[in-house]
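Derivation of every value follows stated rules applied to the coordinates shown; laboratory data play no part. Quantities reported herein were computed from a predicted structural model and do not represent experimental measurements. Glycine also receives a Cβ, built like all others from the backbone with ideal geometry; neighbour counts cover every protein chain displayed.
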Amino acid sequence: MTWQNMMIGAINAGINQRLFGLGESENYWQGESAIYVFTLGSIPAVACVRDIGFGELAFHVAAKPTADAKEWIEAGNAGFSAGDAFATGWLERRTGKWLQTSSDALCCRRKLLPIIAQLDNQPNGYLPQGKIMW
């Protein structure tokens, strides 16, 4: 649930900030990626979104970010260098709208696991889980 809540929080924030939409080509940022800030409940967070083709978006998310998280957030293996919790994931937008489930895309300090897991993040127009598209 911690991973899923981090992903849903980042996706919802990106939609609300008009960085992207749920249409397969609805990317509104300039450049290769966008870095943005938001909150997970009351926890500060930073995310990076990138278009990876075929209507999919890749996300890197850090909760309780480090002082230099914006320098680390684009790296897929940033881990604790980006924040006390770090997660990666993908949003499918071409054949449907869903968060692609993954198993080992989270590193999290023990104290944050239950806090983020208990958040009530609901997806905004997409399914909270679905198959990985290869």
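Using a Gaussian network model of the chain whose springs link C-alpha atoms within less than 10 Å, name the residue from Ala47, Ala67, Ala105 with the highest mean-square fluctuation.
Among Ala47, Ala67, Ala105, the largest GNM mean-square fluctuation belongs to Ala67.
If you take every DSSP beta bridge whose two residues both sit in segment 68-134, what share of them, in percent to the nearest 5, is antiparallel?
75
For segment 28-33, in order, what is each residue's ³J(HN,Hα) by Karplus, 6.51 cos²θ - 1.76 cosθ + 1.60 with θ = phi - 60°, in whole Hz (x at glycine and Pro)?
Once θ is set to phi - 60°, the couplings for segment 28-33 become 10, 7, 9, x, 6, 8 Hz.
Shape of segment 66-129 from its Cα gyration tensor (a ≥ b ≥ c, root eigenvalues): rounded if a/c is under 1.5, otherwise prolate when a/b > b/c, or oblate?
Judged from the Cα gyration tensor, segment 66-129 comes out oblate (a/c at least 1.5, b/c at or above a/b).
Give the Rg (one decimal place) followed by the Dmax (whole number) of the chain, computed from C-alpha coordinates and expressed in Å.
Expressed in Å, the Cα Rg and Dmax of the chain come to 13.3, 38.
Looking at segment 2-130 only, what percent of DSSP beta bridges run antiparallel? Nearest 5 please.
Roughly 95 percent of the DSSP beta bridges within segment 2-130 come out antiparallel.
Tell me what the chain gives for mean residue ellipticity at 222 nm when only DSSP H runs of n ≥ 4 count, each as -39,500 (n - 2.57), the sum divided by the residue total, rounded to 500 deg cm²/dmol.
Calculated from helices alone, the mean residue ellipticity at 222 nm is -5000 deg cm²/dmol.
Quick check: the angle from helix 2-16's long axis to the longest principal axis of the chain, C-alpha only, nearest 10 degrees?
The two axes meet at around 60 degrees.
Under 20 Å from a point placed 7 Å out from the Cα of Thr101 along the Cα-to-Cβ direction: which residues of segment 1-39 have their backbone N that close?
1-12
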